[in-house]
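The next block holds one structure in the form of structure tokens; read it before the comments.
The values are calculated or read from the model by the stated rules, or taken from the named source; none is laboratory data. What you see is a predicted model; the values in this text were computed from it and never measured. No Cβ is skipped: glycine too gets one built from the backbone with ideal geometry, and neighbour counts run over all protein chains shown. What goes into the accessible areas is simple: the full protein's heavy atoms, side chains included, and nothing from ligands, DNA or RNA. Shrake-Rupley method; radii C 1.70, N 1.55, O 1.52, S 1.80 Å.
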Amino acid sequence: MKNKTNSRAFMIINCLALMIIAANLTSPVHEATHMLTQMAVGMKPEFFGFGINSTVGTVSVDMNSFFWKLMYEGSAALMNIAVGFILLLILSKIRFGPLSRVLVLMLTIMHLSMGFGYFLRDGIAYSPNNGMGDWCKVLDRFDGSIALRIGMLVVGSAGILLTFYIAYRQAYHFIKNNNDKKERNTVASALYLFPFILFSVVYTLLGLVSPLAAEIGAVNSLIFGAITNVFGMITFFWGYMFTAVMVKPMKKSIYYFSPCADRKIILWVAAAALLLFDVFVLCPGIYF
């Protein structure tokens, strides 16, 4: 019993560590895409952080062109979607080991969730010139185009539903007996539920060391961070619910192997070091 308990604990800790690594390969990629796009039109980098960046200068391209109206604020979400589909293709073609497969799966879900999430959230919550949301700003540049907004809602909804399905199906690569409810819960909670809770809590709290907190206040920062992080990665929660609770198990087994349930000290140290980097460098931000 002790070994079984330890194995489950190690599985959870490994997945939590992989979530920290995946988070640092998702949100910073989004912000870096923003920065590189803005630099491409003549702006200069001013600040770069985990979930925020800023540039200064004068735009040197025609911002009335369709391309730049779309890409100036919208490129980062499109990059997330592109990366997510590339990772999904890799995931379907390569038989990774237990640790690397979990990492690539988390990255796939996070990139698709972030990319399609912007379309869906900003399509729903858009109000003219409110300054919030990448694709709200894109809509502003198109004068609140109803056709674009409907397109965003359709693409965002379809993309999020696809991501739900990916999370559900991919979990069964780690489930040996599809009809064993306890096993489904064990695997799905390690893959999705505990990492979702970790991400939501930790990165909401780390928002308090962001310059945004100084600008809008600690309470508003917590509220904004909770909404952004909880709903931004809600796919992980529903991945757990669909796999462990709500949806009938798959009839056909596609089992590869269980998530790594061994002690992986190097992985834990790497994740801890990366989290410290977030606390002291990336979330407070880098000024140029």
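Less than 5 angstrom separates the built amide H of residue 283 from those of 50, all sequence-distant by 5 or more or on a different chain.
Normalised Debye scattering of region 102-175 at q = 0.21, 0.25, 0.26 Å⁻¹ gives log10 I(q)/I(0) of -0.82, -1.01, -1.06, counting only Cα atoms as equal scatterers and leaving out solvent.
Leaving out ligands, DNA and RNA, and with a 1.4 Å probe, what % of the accessible surface on region 42-131 is carbon or sulfur? Don't skip to the end; give the middle numbers.
Working: 2760 of 4070 Å².
C and S fraction of accessible area: 68 percent.
Considering only alpha-carbon pairs that sit under 8 angstrom and 6 or more positions apart, the relative contact order computed for region 28-74 is 34 percent.
The string of couplings for region 118-125 from the Karplus curve (6.51, -1.76, 1.60, θ = phi - 60°) is 4, 4, 5, 5, 6, x, 6, 8 Hz, one whole number per residue in order, with x for Gly and Pro.
Using the Karplus relation 6.51 cos²θ - 1.76 cosθ + 1.60 with θ = phi - 60°, the per-residue 3J(HN,Hα) values for region 99-107 come to 5, 5, 5, 4, 4, 5, 4, 4, 4 Hz, with x marking Gly and Pro. For residue 47, nonlocal amide neighbours, meaning residues 5 or more places apart or on other chains whose placed amide H falls under 5 Å from its own, are 54, 288. Compactness of region 142-260 is given as radius of gyration and Dmax, 18.1, 53 Å, from Cα positions.
In whole percent, what relative contact order does region 123-224 give with Cα contacts below 8 Å and a gap of six or more residues? Don't skip to the end; give the middle numbers.
Details: 43 pairs, mean separation 12.7, N = 102.
Over region 123-224, the number comes to 12 percent.
Using alpha carbons only, how many angstrom separate the centre of region 47-78 from the centre of region 169-216? Cα centres, region 47-78 to region 169-216: 31 Å.
Past 26 Å, Cα to Cα, is the threshold; run 176/264; 93/137; 44/137; 69/93 against it and keep the listed order. Before the final figure, lay out the partial values.
Values: 176/264 22 Å; 93/137 37 Å; 44/137 20 Å; 69/93 36 Å.
Result: 93/137; 69/93 exceed 26 Å.
In this label model, residue 256 and residue 153 are separated by 3.8 nm, measuring between points 7 Å along each Cα→Cβ vector. In units of the rule-of-thumb radius 2.2 N^0.38 Å, region 1-75 shows an alpha carbon radius of gyration of 1.77. Take the Cβ atoms of residue 25 and residue 127, set R0 to 30 Å, and the FRET efficiency comes out at 0.40.
Residues whose amide H comes within less than 5 Å of that of residue 260, counting only those at least five positions distant or on another chain, are 99 (H built at 1.01 Å from N in the peptide plane). Computed from the C-beta positions of residue 60 and residue 216, the FRET efficiency with R₀ = 22 Å rounds to 0.10.
For region 158-253, the fraction of 1.4 Å probe accessible surface lying on carbon and sulfur atoms is 70 percent.
Provide the per residue accessible area, probe 1.4 Å, for region 199-247, rounded to a whole number of square angstrom.
Details: 2360 Å² over 49 residues.
Value returned for region 199-247: 48 Å² of accessible area per residue.
Based on C-alpha pairs under 8 angstrom that are at least 6 apart in sequence, the chain has a relative contact order of 27 percent. Surface exposure of region 1-156, expressed per residue as accessible area with a 1.4 Å probe, stands at 45 Å². At q = 0.27 Å⁻¹ the log10 of I(q)/I(0) for region 222-284 amounts to -1.07, computed by Debye summation with a single uniform scatterer per C-alpha, solvent ignored.
Based on the convex hull around the alpha carbon atoms, the chain presents an average projected area of 16.1 nm².
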